[in-house]
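For reference, the structure discussed in these notes is given below.
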Amino acid sequence: ELAPIPVPAKLADAGMGVCFVQFLLQKHLSPRWRYALWLPVLVVVLMPVLPESRWSAEQVFVWEKPALIVPPLSVIADATASTMPTTVTTPAKPAFTIDWSRVRVLTWAGGTLLVLLVGGVSFARTLLRVRRSRHEISNDLATRLDEVSREVGLRRKPRLVMSPQVTSPAVTGLLRPLLLLPPGFEQNFTAEEKQLILHHELMHLKRGDLPLNTLLCVLLALHWFNPLLWLAFFKVRADREAACDAQVLENATPQRRSAYGHALLKIESAFAPLRLSLGFIGIL
C-alpha cells in the first residue's frame, strides 16, 4: 500500500507549471497573460480536494508501508490442558502517547493566528502613523486626481493622503481605498510624470488588485508553513506591476513611454520601496 507524504504537491505542480510556461513562452506572453497564469495556483490553494494524477509530484514522495508478516501458529492438542488452572491477566496500563495529529493542527492554527495578528497590527500601526503625520493637499494635486480618476474610469476616486511616513506611492484599503503619496511627490516630478504615476496607482483600483491582494494575504497566513506560496506571492507581485504598467502604456506614444520610464527611475532613486507590506500595493 502506498501512503503519500503530507506535502503541498498540488501547489508545487501548479507553481512549477506556471514558471515553466512563463519561461518557455517568455518572448510571446504579454504582461497581462503572465499575471493571469497565476490564477490556477490561486484555484489550487482555494480548493481543499483535487483529483489525483499519476503525473503529480505527490507520487514522488511516497513510501511503502512494511507488510506485517505473521508467522503461522502451530496448535498442539493436549488432553491435560483442560485440567490446568486458568490464570486471568489484567492488561497493562497503556503508556503515555502523543496525539501528533492534534499537535500539527494546533501548530498550524497558532502559526496562522500569529501571522494574522502580526500582519494586522503592523498594517494598523502604519496607517495610524500615516494619518497622524498627513500633510495638506494642494488644489492642483486634487484637481489632477479628479482628472485621472475620470480618465481611468473609476466610479469613486480614492481618498488621498500625503505623509512623510509613506516611502513610495501606493494604494491600500478594501472598502475605502486610500492613495498614499510621499511629501516630495509634487516637487520631484513633472506634470506628465505625476499624471502617469497617478494613472498607475488608480489602475490598480480599476483592475481590482486590492481585493485580490487581500485574498493572497489571507492565504499566506493560512499557508504560512509553505515556502512555495511565499515565493509565488512575490512573483505574483512582480507580474502584477508589469501588467499594470502595460495597461498604463497601452497605445502610448514613445514620448509618453519615455516619460513613464523616467518617472519610475526617479521613484526608485528618490524613495525607498515598500518592504514586506502585505496590505499595500506600491508602484515598485
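The values are calculated or read from the model by the stated rules, or taken from the named source; none is laboratory data. Bear in mind the structure is a predicted one, so any value in this text is a computation, not a measurement. Note that each Cβ is placed from the backbone with ideal geometry, even for glycine, and that neighbours are counted across all protein chains shown. The area values use the complete protein model at the heavy-atom level, side chains included, leaving out ligands, DNA and RNA. Shrake-Rupley method; radii C 1.70, N 1.55, O 1.52, S 1.80 Å.
Points worth noting:
- Each of Trp224, Trp108, Trp38 has its accessible area taken with a 1.4 Å probe; listed largest first, they run Trp108, Trp224, Trp38.
- Taking every alpha-carbon pair in segment 103-187 and binning the separations at 5 Å intervals from zero gives 3, 12, 18, 20, 14, 10, 7, 6, 5, 3, 2, 0 percent.
- Against the rule of thumb 2.2 N^0.38 Å, how large the Cα Rg of segment 146-272 comes out: 1.11
- Eigen-decomposition of the gyration tensor built on the alpha-carbon atoms of segment 154-223 gives equivalent ellipsoid semi-axes of 24, 14, 10 angstrom, largest listed first.
- Computed from the Cβ-Cβ distance with R0 of 22 Å, the FRET efficiency linking Phe23 to Phe234 stands at 0.85.
- Taking every protein chain into account, the 1.4 Å probe leaves Arg240 with about 0 Å² of accessible area, to the nearest ten.
- Rolling a 1.4 Å probe over the protein heavy atoms gives segment 169-244 an accessible area of 37 Å² per residue.
- Once the Cβ-Cβ distance of Arg125 and Arg207 is raised to the sixth power relative to R0 = 35 Å, the FRET efficiency obtained is 0.80.
- Surface composition of segment 188-276: carbon and sulfur make up 64 percent of the accessible area, probe 1.4 Å.
- Base-10 log of normalised Debye intensity for segment 194-266 (one unit scatterer per alpha-carbon) at q = 0.11, 0.24, 0.26 Å⁻¹: -0.36, -1.05, -1.15
- Over 25 Å (Cα to Cα) - which of Lys235/Lys266; Lys194/Lys235; Lys27/Lys206; Lys27/Lys194 fall in this group: Lys194/Lys235; Lys27/Lys206; Lys27/Lys194
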